[in-house]
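*Asks:* Sharing a structure, written as structure tokens. Questions coming.
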Amino acid sequence: MTRFENPSPGSAVTVRGLVKHFGETKALDGVDLDVPEGTVHGVLGPNGAGKTTLVRCLSTLLRPDAGSALVAGFDVVRQPVQLRKVIGLTGQYASVDEKLSGWENLYLIGRLLDLPRREARRRADTLLERFGLTDAARRVAGTYSGGMRRRLDLAASMIGRPSVLFLDEPTTGLDPHTRNEVWQEVRRLVGDGVTVLLTTQYMEEAEQLAHALTVVDAGRVIAGGGIGELKAQVGGRTLRVRIDDPEQLRTTARYLDESGLTGLPRVTVDEPKRTLLVPILSDEQLTAVVAVLAERRVPLSDIHTELPSLDEVFLSLTGHRATPAEEPAEPMEVAV
């Protein structure tokens, strides 16, 4: 590991050149990241892109092979003990003990974090109320619904009053109502000054919560910035061209890519929807693309323009459509 130098002012998380290998696989390949204090920073990427590995490195569960990272002012490799006292982590699945009650889970974690007994009791009561679990406080967690377990897991991550909270796909598998409840709690936490690093494959979740985004693929950062900035990179509008003939779909995409139209970004093929997504940067470019389609007499089922969605930005940047699912399991090692 390289010793960290020149952290960014006002950043709760600063990462430079982070690298992590699993055998021959490079899960992280020189990742740079800055997360300002008191914000939600979204990390997007297809399955296996390295999102969970990044979270595990920054939360001291994995030791990076190279690079530097500061979280809440502490070096993730040289100061893991101090760092663990000021961070919280919620993974893709609830990690509570199903044989203990909700209250016992929170109290136990508070004591493990060296809270005095009275303070651990008080924090458990406060968080159960905050997350709407007071009525179920004495029930064993194994009887909780999926949404209740997720809320309990979030409450557990808050016992130690963390200044930085890592949420690794926190709403995977939740129904829309429970997902909205989690979003409301995240907003409340940020309002209290907590910094949140959120990995997600729900584009709506990223749009709802994130102040800025980093897109990773194959362990590398491929884009970053505000949601508006990323949409501008892809194009101010998207021309959606539906072609029912699969062969014509690919042929037309290739022809547009090779047409030589000035400044035309890469055309994306959405095969499940039999649609070409053509980023449009100007009215002149729109006219030129339509003219090419007319010249080729492409059999169109539908054609229209619209502002790009974040899902289309993701598809254009990575070549993959976001699919909420966990990354392949990686060997667990704890940095000490």
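The values are calculated or read from the model by the stated rules, or taken from the named source; none is laboratory data. Bear in mind that the values here come from a model prediction, so they are computed numbers and not experimental data. In this analysis, Cβ positions are derived from the backbone assuming ideal geometry, glycine residues included, and neighbour counts consider all displayed protein chains. Heads up: the accessible areas ignore ligands, DNA and RNA and are worked out on the full protein's heavy atoms, side chains in. Shrake-Rupley method; radii C 1.70, N 1.55, O 1.52, S 1.80 Å.
*Asks:* Tell me which residues, restricted to segment 80-90, are among the polar types (S, T, N, Q) and open to solvent by 30 Å² or more (accessible area, probe 1.4 Å). Steps first, please.
*Replies:* We begin by selecting, within segment 80-90, every residue among the polar types (S, T, N, Q); these are 82, 90.
Gln82 - this is the single residue of segment 80-90 that is among the polar types (S, T, N, Q) and open to solvent by 30 Å² or more (accessible area, probe 1.4 Å).
*Asks:* When both residues are 6+ apart or on different chains and their Cβ atoms are under 6 Å apart, which pairs have a first residue that lies in segment 200-218 and is open to solvent by 30 Å² or more (accessible area, probe 1.4 Å), and a second that is among the β-branched types (Val, Ile, Thr)?
*Replies:* Close Cβ pairs (under 6 Å, with a partner that is among the β-branched types (Val, Ile, Thr)) amount to His211/Thr39; His211/Val40; Asp217/Thr318.
*Asks:* Taking Asp125 and the conditions (1) more than 24 Å from Leu61 (Cβ to Cβ); (2) of a type in the set (Asp, Glu); (3) touching a helix residue (DSSP H, G or I) at 6+ places or on another chain (Cβ under 7 Å), which numbered condition does it fall short on, given that it satisfies the others?
*Replies:* Only one criterion in (1) more than 24 Å from Leu61 (Cβ to Cβ); (2) of a type in the set (Asp, Glu); (3) touching a helix residue (DSSP H, G or I) at 6+ places or on another chain (Cβ under 7 Å) is unmet by Asp125, namely (3).
*Asks:* Going through segment 8-53 one residue at a time, which ones are open to solvent by less than 30 Å² (accessible area, probe 1.4 Å), among the basic types (Lys, Arg) and modelled with pLDDT of 95 or more?
*Replies:* If the condition is that a residue be open to solvent by less than 30 Å² (accessible area, probe 1.4 Å), among the basic types (Lys, Arg) and modelled with pLDDT of 95 or more, then Lys20 is the only one that fits.
Rundown of residues vs (1) touching a Phe, Trp or Tyr at 6+ places or on another chain (Cβ under 7 Å); (2) at negative phi; (3) open to solvent by 60 Å² or more (accessible area, probe 1.4 Å); (4) not in a helix (DSSP H, G or I), yes/no style:
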{"residue": "Arg78", "(1), (2), (3), (4)": "no, yes, yes, yes"}
{"residue": "Gln92", "(1), (2), (3), (4)": "no, yes, no, yes"}
{"residue": "Leu106", "(1), (2), (3), (4)": "no, yes, no, no"}
{"residue": "Ile109", "(1), (2), (3), (4)": "no, yes, no, no"}
{"residue": "Leu115", "(1), (2), (3), (4)": "no, yes, no, yes"}
{"residue": "Arg118", "(1), (2), (3), (4)": "no, yes, yes, no"}
{"residue": "Arg121", "(1), (2), (3), (4)": "yes, yes, yes, no"}
{"residue": "Leu127", "(1), (2), (3), (4)": "no, yes, no, no"}
{"residue": "Met148", "(1), (2), (3), (4)": "no, yes, no, no"}
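*Asks:* Which members of segment 48-71 meet the condition of being charged (D, E, K, R), closer than 20 Å to Lys85 by Cβ and more than 18 Å from the chain's Cα centre (by Cα)? It would help to see each step written out before you state the result.
*Replies:* As a first pass, look at segment 48-71 and keep what is charged (D, E, K, R): 51, 56, 63, 65.
From the residues that got through so far, the ones that are closer than 20 Å to Lys85 by Cβ too are 56, 63.
Matches in segment 48-71: Arg63 only.
*Asks:* Being open to solvent by 70 Å² or more (accessible area, probe 1.4 Å) and assigned to a helix (DSSP H, G or I), is that true of even one residue in segment 284-291?
*Replies:* From segment 284-291, those open to solvent by 70 Å² or more (accessible area, probe 1.4 Å) are 284, 287; that's our starting set.
The next check asks that each one be assigned to a helix (DSSP H, G or I); those that pass are 284, 287.
Yes - at least one qualifying residue is present in segment 284-291.
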